[in-house]
Every structure is written in C-alpha cells, then in structure tokens.
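Written out below as structure tokens is the structure these notes cover.
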Amino acid sequence: RAHPFVLDLKDASTSFRCLPADTDFGDAVNEDRLHDAERLFTDTPARIATIRETWADALTELERYDEALDELHGAVDALTALHGPDHPDVLDARRSVVRALGSASRYQEAHEQAKRLLADYERLLGPDATATLRARDLYAD
C-alpha cells in the first residue's frame, strides 16, 4: 500500500503535467517533494523507486527526457539491488525505461532494450502472461 506522501506526490505530478514545458513552478514543487520523500523513506528502497518512477513520468510529460531516464535508471538500480534482476518489479521498471526512450525518440535504443525485456518476461513469466503480452506490444511498437 502506498504511503499518503507518495500518493500526494503522484497527485501533484499529475496536476503539473498540464503546465507548459517551460513552467518551472511544477518542477520546483515536485522536485522538493521528491527530495522530501527520499529523506523520509531512506529505509525503503522500493518506495523510493516508486517515487522516482512517478517523478520520471512527470519529467517525461515536461519533455525532460534525459532527467526522466536518469530517474528511471535509478529506480531500476534500486529495485535490482533489493530484489535481484529477475523480479517482476524490476522488469516493470525496465518497461518504463523503454517507454521513456520511445518518448525521447531514441527508437533504436528502445527497440534493443524492448527485445531484451521481452526475452526476460518470456523466460520468467511465460509467453502468455499479461506482462509478457504487454512487453510484446511494446517491442512491436
């Protein structure tokens, strides 16, 4: 279950997505909340990973792709350290990286990572699992 602070961060990042990409107000508020969350949840890497993914979504909406990818890679690293590389949460975070790469028009890199991700989903969850099918759709795009 998500902590109320995380839910509040998600609400804030969603509300600031409607601001123009050159608006600094939403960025500043969300960045402050991100730092507060990291300070509060230092003992819970999974929550920090969720917060980083949420912040990355907002950054992607603001077309700040490099920053979003940095946050997503940080989430993948944290989840991998916590669970190991074959955990479903790690695979889902990697899927977010692929989507962000596509949003950033880095199609070749997205395609290569989607291919590896699909192979991992098939190996770990089987070819007919819902998550595998989503990864297959992502690879096809």
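The values are calculated or read from the model by the stated rules, or taken from the named source; none is laboratory data. The structure presented is a predicted model; accordingly, all values stated were derived computationally and were not measured. Glycine gets a Cβ as well: all are built from the backbone with ideal geometry, and neighbour counts include every protein chain shown. Accessible surface is based on the protein model in full, side chains and every heavy atom, while ligands, DNA and RNA are left aside. Shrake-Rupley method; radii C 1.70, N 1.55, O 1.52, S 1.80 Å.
Some observations on this one:
- Residue pairs whose Cβ atoms lie under 7 Å apart, sitting 6 or more positions apart in sequence or on different chains, and linking a residue in the range 44-59 that is over 13 Å from ASP77 (Cα atoms) and of a type in the set (A, V, I, L, M, F, W, C) to a partner that is open to solvent by 40 Å² or more (accessible area, probe 1.4 Å) and not in a helix (DSSP H, G or I), are ALA58/ARG17.
- Matching residues, the range 53-109, being modelled with pLDDT of 90 or more, among the charged types (D, E, K, R) and more than 22 Å from ARG123 (Cα to Cα): GLU63, ARG64, ASP66, GLU67, ASP70, GLU71, ARG106
- Residue among ALA93, ALA104, ALA100 that alone is closer than 18 Å to ALA140 by Cβ and aliphatic (A, V, I, L, M): ALA100
- Residue in the range 4-20 that is at pLDDT 85 or above and either more than 20 Å from TYR139 (Cα to Cα) or in a loop (DSSP other than H, G, I, E, B) (or both) present: no
- Index of the failed condition, ARG52 passing every other in (1) within 16 Å of ARG99 (Cβ to Cβ); (2) out of contact with any Gly (no Cβ under 7 Å at 6 or more places or on another chain); (3) buried (at least 17 other Cβ atoms within 10 Å of the Cβ): (2)
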